Amino acid sequence: MFRKTTKQLSDWLIAATSSRSFALLAPIAVALLLGACSSNHPRDTLNPAGDGAQISAWFFWLYMILDTVIFAIVVGALTIALLKFSKKKGDDDSLPPQNHGNMKLEVIWTVIPTLILVVLGVITIGGVFKLAEKPAEEQKVIEVDVTGKQWWWEFDYRDSKISTANELHVEEGTQVALHLTSADVIHAFWVPRVSGKRDATPGRSYPLYFKPFEKGEFVGQCAELCGASHARMGIKMIVHPVKGADSYDNWVKGQLAQAAAPTTALQKAGKKVFETKGCASCHTIRGVKELSQRSRTTGPDLTHVGSRTTIAALALTNNEENLAKWVKNPQSVKEAALMTNLNLSDADAKAVAAYLFSLK
Amino acid sequence: MSAHAAEAADLIDHGHAGDDGHGHDELVENNYMKVPNVKLAIWTFLGSECMFFGSLIATYFFYLDKSIGGLLPKEVFSIGITSISTFILLTSSFTMAMAVDTAKSGLMSKSRNWLLITALCGATFVGFQVYEFWHFVHLGLTLQTSLFGSTFYVMTGFHGAHVSVGVIWLLMVAKLVHSGKIPAERAVFVESAGLYWHFVDIVWIVIFTFVYLLEFAK
Amino acid sequence: MSAKLHDIEALQAPEPHMHYERPGKTGLMDWLTTVDHKKVGVVYWAAGAFFLLVGGLEALLFRIQLAVPDNDFMGGETFNGLVTMHATTMVFLAIMPMTAGFANFLVPLLIGARDVAFPRLNAWSLWTFLGGALVINASFLFGGPPAAGWTGYAPLTGPEFGGTGIDFWWSGLALLSASSMAASINFIVTILNMRAPGMTLLRVPVLGWMMLVIQFLLALSFPPVTVGLILLGFDRMFGTTFYNVSMGGDPQLWQHLFWLFGHPEVYVLILPAMGIVSEILPVFARRPLFGQTAVIFSGIFIGFVGFGVWAHHMFTAGMGPVADAAFAATTAIIAIPTGVKIFNWLGTLWGGKMTYPTPMLFAIAFIPIFTLGGLSGLMHAAAPLDLQQHDSYFVVAHFHYVLVGGALLGLFAGTYFYFPKVTGRMMSDGLGKAHFWLFLIGMNITFFPQHMLGNEGMPRRIYTYPADAQWDLYNMLGTIGVIIMTVAMLIFVYNVIVSVKKGAIAGRDPWDAATLEWLTESPPKVQNFDFTPIVLSERPVWDHKYTEGMEIIAPEKGESFHMPSYSWKPMISSGFVLMLIIGILLNTFMPGNWLWIVAALAAVGVVGSVWAWVSEPV
């Protein structure tokens, strides 16, 4: 019974979210907020690009309207009281009326808010169940195991051996199911424009479901304090179109390929550095060196590291120069980074950077 | 207004106002709620203690059967021995009740003796627990072994600590009764110690039933 | 009924006859051995005000770091330490002790008692609190402050990830917890048992009621977090497995135990401020509090429901939709009694004849500012929306509106209002108004834009942010606001210091107020009341002044009563408890048997000092 009711509610909610009522409410709300939130902000929670964020934004406007009305009533009443009931110059010392209250008023301002909250409560519960709904099985679902690590994200795609870091690739209009866990402390996965956040807790795996409906790149970061470099644990979500050169399928194809062989002398030297100087004890490059076991301290899979736009969880743009800087002294880029400083020479750092950047 | 005047007169008549009308320290009683200060304080304290043991016991059940490796409860518990110590602790509730009863009747030296017997029972219980812990550690269950080890020792250990505090408390009260600092009209101090003692017993009944007996009922 | 019928200054009783076991000490010794609730209250307030400045300084430092993007004024670990200490300090060492200061000083006065029920236990609470404050802040000197946030989520606090600061943090908090529990028992007994004749429960002033409610919250909510802290301490000291994931431990256990305390704690911080506001508004509107009974019962209701909402802090933790829905619903319920309070305050002002000295300004500003904080709180209750707002700057804005705009404004109002009662002198009204306006402007400049930052996806507790995130304007505003608040606080400190010595003499009843505390002299004598007043209404002093037939009548001969004597025992036994904590800290730096040696000595010391305590004649 309960389940059925909530199911109906959530159905109603999704209909309301995507259709006219939302369109009806939005302009009013926008007018109320006087455009305080510019919609071109890169992480605007109120400019949703995924269904999760859309539901949250819908609730924001719902409560925003209610809150604005209540706040206006309180401030309005207060202002009138201050204007009307202040002691004025020339007033005598006579006492104002000494009544102790009014039962009717007490009942009114208890019952009306209660009724409002009952309605809101029902809607809210509908939203909760809507967001927790498991995606239907017949549709295509991109399932990814997400592991938060100090201080980067590991993405393992369930139906392939793709393992990447910090940059999550998904497809426009396709359901995504993330299974969040952590290798060390609690992290939280948050890409504001696509979906609300969810904790990545060690020892547990929680799902986060969403469906992005806009293509492009969306930035977010860890939202649960996780140590010294918590602020440098970025996420980039790349939503690919279904068709075209930039399609999700093409990306998957590229990632499934073995690592590119080095072509230049510098790259070849870099590969040697990777194999001999200790990089391979923590990193995998498929076809070169693969880790048999991953642990809390092992680093990202580098098979296609050159194809990523950023490194060190969005701390740096991905290019040869930055890669060299990072491998030479990770801790200078990111406080307390767990990547070992191998004391590479400048030449070694440059070579390995060239090799890594060639791994498109 | 006359109603107010009547109320005021009534309050004065009933001796609420005037000399020594209000207690200023823990040794002077006040009866606004018809409960002496000390007793009300102990009741409040026990409310707080309920939350404390509630949290510990909840933690035990939160982690029940979630241990990775290590000995299981059934493999270490010895119902026979624990039943004996439980019986001793329950007996001490009876002797405590006798101590309170005799103190209220003004039989202070009897009350002192009952208090000492109660303390002895409590100390015996703690002795059993020390043996039990030693025995379990010997079997291979330590604080660090598993969730069961951690939750079991911490929960029962804190109970044991409470019993130990209770024993010291009872000895102090017995000494004060003996030296005449707790005469019959201050029997509430014996009663307060009794409230704490019964509470600690009740907590043990909960632990014994749900932690020990339930293991074997499953 | 316009003019005063009677003046409160004219109400004189013959000198009472007080008997002591031992005469009091003087000077510093007096403060160290005092059991007088008024002196204990002053020390609590002063310690709270001191830590308010310390916590503010910590905030100023990390706001400098956040002023511009990609700043390198400080690193992540330093920032996390300052953020953790800022929150821990503000919650446990500033707002709570300032509140305790008001509770200690005022509760016996409000209810017409001569002291609290257990004066020595009261002093013990004070010393134990100071010990805890010392321990937590000592972390700065030994190995750095805790850096896991004031919520201390395991396993970041565990043996593997938490630094030595965590040991200071958990053991210091355990001390504060013991202090608060002892105090709560003391005040529950005091308020229930020691009211003056005629002061029925519904005649207890709202402030007294709110203090009673929070004592129940403290007594019942501190034990769970104490258990949580002990489990954490055992994990760190003895290698137990409570939060150890590899052994099957579950980090969510900590979250439940913490928030089972943490949410009632929020009401512990705000209800006294609501009580203070409920005392001040009627005085300056010159009317009774509108719907006093409704205000009292809504406070009780908030306290009650406050125990059923803790997991709304865990909507993102993945508890499942059923739990999320249940906690969303219970949380929304809190809005109802809160609304009742706000509307009754407005009802009090409506029809009044208001004047605006500094305490009234703070009390009036409390209403809209707190309402704003409450309304954003209502948003968090909506779980689907909270998924975005949780751990974002929107939440930061919310709880600063509630705690700065609510609790702190209320405490400032109370400080200006009760200062003449405590010191016998008025605070400067001009400086008070400067403090008020600067602080109000500063806090809104700082915290209002943080709503927008949250909506724009800025998570809390990040030590830096990139320029392309476009969060720089609002962060710069935040830093400017903090600087303005700092200036306001300097004015406040100056005002307090100057007014203690040079303020205008206040007299008993400078505000023409309504409740029993204004019957006493300013500052009150050690016995508070020369004679025990008989209470016939919820406004005994007001009715004495303005209502015929409701006068308070002084007895013809002086009363005779016993007063508690000074005692060293509270400080000594509190010192032995502190010693146990020092043993725990020794274990952090010198693992070995030190812990057991020190702990055994401390236990002997505690038992010995308690024995000395109970055998001491008072």
(request) Could you look through segment C:23-54, keep only residues that are open to solvent by less than 50 Å² (accessible area, probe 1.4 Å) and not in a helix (DSSP H, G or I), and pick out the one that is farthest from C:ASN104 (Cα to Cα)? (result) C:THR34
(request) Within segment C:524-554, track down each residue that is part of a loop (DSSP other than H, G, I, E, B) and of a type in the set (A, V, I, L, M). (result) C:VAL526, C:ILE534, C:VAL535, C:LEU536, C:MET550, C:ILE552, C:ILE553, C:ALA554
(request) Run C:VAL614 past the list (1) outside any helix (DSSP H, G or I); (2) open to solvent by 50 Å² or more (accessible area, probe 1.4 Å); (3) without any contact (Cβ under 8 Å) to a residue 24 or more places away in the chain; (4) not assigned by TED's automatic domain parsing to the domain that holds C:THR293 and report the number of the one that doesn't hold. (result) (1)
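Restricting attention to segment A:111-134, does a residue exist that is touching a strand residue (DSSP E or B) at 6+ places or on another chain (Cβ under 6 Å) and either more than 26 Å from A:TYR248 (Cα to Cα) or of a type in the set (Asp, Glu) (or both)?
Looking for residues that are touching a strand residue (DSSP E or B) at 6+ places or on another chain (Cβ under 6 Å) and either more than 26 Å from A:TYR248 (Cα to Cα) or of a type in the set (Asp, Glu) (or both), one finds none in segment A:111-134, hence no.
In this structure, does A:LEU314 turn out to be in a loop (DSSP other than H, G, I, E, B), assigned by TED's automatic domain parsing to the domain that holds A:ASP346 and within 28 Å of C:ALA467 (Cα to Cα)? Lay out the reasoning, then the answer.
Details: in a loop (DSSP other than H, G, I, E, B): yes; assigned by TED's automatic domain parsing to the domain that holds A:ASP346: yes; within 28 Å of C:ALA467 (Cα to Cα): yes.
Against the criterion (in a loop (DSSP other than H, G, I, E, B), assigned by TED's automatic domain parsing to the domain that holds A:ASP346 and within 28 Å of C:ALA467 (Cα to Cα)), A:LEU314 qualifies.
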(request) Go over the candidates C:MET247, C:MET199, C:MET181, C:MET194 one by one and state the one that is open to solvent by 10 Å² or more (accessible area, probe 1.4 Å) and at pLDDT below 95. (result) C:MET247
(message) Consider segment C:392-433. How many of its residues are in contact with a Pro (Cβ under 6 Å, 6 or more places away or on another chain) and closer than 30 Å to A:PHE189 by Cα?
(response) 1
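Is one or more of the residues making up segment A:336-350 assigned to a loop (DSSP other than H, G, I, E, B) and charged (D, E, K, R)? Steps first, please.
Keep residues of segment A:336-350 that are assigned to a loop (DSSP other than H, G, I, E, B), which gives A:336-345.
Now drop any that are not charged (D, E, K, R), which leaves none.
Checking segment A:336-350: not a single residue is assigned to a loop (DSSP other than H, G, I, E, B) and charged (D, E, K, R).
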(request) Keeping to segment A:165-211, report how many residues are within 17 Å of A:GLN221 (Cβ to Cβ), at the interface with chain C (Cβ under 9 Å from one of its Cβ atoms) and touching a residue at least 24 places away in the same chain (Cβ under 8 Å). (result) 15
(message) With the requirement that a residue be more than 9 Å from chain A (Cβ to nearest Cβ) and open to solvent by less than 30 Å² (accessible area, probe 1.4 Å), what does segment C:325-337 give you?
(response) C:THR331, C:ILE334
(request) Would you mention how many residues in segment C:311-324 are surrounded by 23 or more Cβ atoms within 10 Å (Cβ to Cβ) and either free of Cβ contacts under 8 Å to residues at least 12 places away in the same chain or more than 25 Å from the chain's Cα centre (by Cα) (or both)? (result) 4
(request) Give the residues of segment C:55-81 that are in contact with a Ser or Thr (Cβ under 8 Å, 6 or more places away or on another chain), open to solvent by 10 Å² or more (accessible area, probe 1.4 Å) and polar (S, T, N, Q), sorted by residue number. (result) C:ASN71
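Quick check on C:TRP437: is it more than 14 Å from chain A (Cβ to nearest Cβ) and of a type outside the set (D, E, K, R)? Give the derivation first.
Details: more than 14 Å from chain A (Cβ to nearest Cβ): yes; of a type outside the set (D, E, K, R): yes.
Yes, satisfied.
Sort through B:PHE210, B:PHE133 and tell me the only one that's assigned to a helix (DSSP H, G or I), within 14 Å of chain C (Cβ to nearest Cβ) and out of contact with any Pro (no Cβ under 8 Å at 6 or more places or on another chain). Before you say what the answer is, go through the steps one by one.
Numbers: B:PHE210 fails: within 14 Å of chain C (Cβ to nearest Cβ).
That would be B:PHE133, the only listed residue that is assigned to a helix (DSSP H, G or I), within 14 Å of chain C (Cβ to nearest Cβ) and out of contact with any Pro (no Cβ under 8 Å at 6 or more places or on another chain).
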(message) Go through segment C:161-183 and report how many residues are under 23 Å from C:GLN252 (Cα atoms), touching a residue at least 60 places away in the same chain (Cβ under 8 Å) and not small (Gly, Ala, Ser).
(response) 7
(request) With the checklist (1) surrounded by fewer than 23 Cβ atoms within 10 Å (Cβ to Cβ); (2) in a helix (DSSP H, G or I); (3) over 23 Å from the mean Cα position of the chain (by Cα) in hand, flag the one item C:LEU130 doesn't pass. (result) (3)
(request) Counting only residues that are of a type in the set (Phe, Trp, Tyr) and buried (at least 24 other Cβ atoms within 10 Å of the Cβ), give me the helices (runs of 4 or more DSSP H) lying completely in segment C:339-441 with at least 1 of them. (result) C:358-381, C:393-402, C:409-423
(request) Considering only segment A:83-108, state which residues are under 56 Å from the mean Cα position of the chain (by Cα), facing chain C (nearest Cβ under 7 Å) and of a type in the set (A, V, I, L, M). (result) A:LEU105
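Given A:GLY196, A:GLY244, which one is open to solvent by 20 Å² or more (accessible area, probe 1.4 Å) and assigned to a loop (DSSP other than H, G, I, E, B)?
Details: A:GLY196 fails: open to solvent by 20 Å² or more (accessible area, probe 1.4 Å).
Matching residue, one of A:GLY196, A:GLY244: A:GLY244.
Do we find a residue being in a helix (DSSP H, G or I) and acidic (Asp, Glu) anywhere in segment C:499-517?
Yes, segment C:499-517 contains at least one residue that is in a helix (DSSP H, G or I) and acidic (Asp, Glu).
How about segment B:177-189: which of its residues are in a helix (DSSP H, G or I) and either open to solvent by 70 Å² or more (accessible area, probe 1.4 Å) or under 12 Å from B:LEU116 (Cα atoms) (or both)?
Within segment B:177-189, B:VAL177, B:HIS178, B:GLU185, B:ARG186 qualify.
The values are calculated or read from the model by the stated rules, or taken from the named source; none is laboratory data. Keep in mind that this is a model prediction, so the values were computed, not measured. Don't worry about glycine lacking a Cβ; one is built from the backbone with ideal geometry, like all the others, and counts go over all protein chains shown. All accessible areas refer to the heavy atoms of the entire protein, side chains included, with ligands and DNA or RNA removed. Shrake-Rupley method; radii C 1.70, N 1.55, O 1.52, S 1.80 Å.
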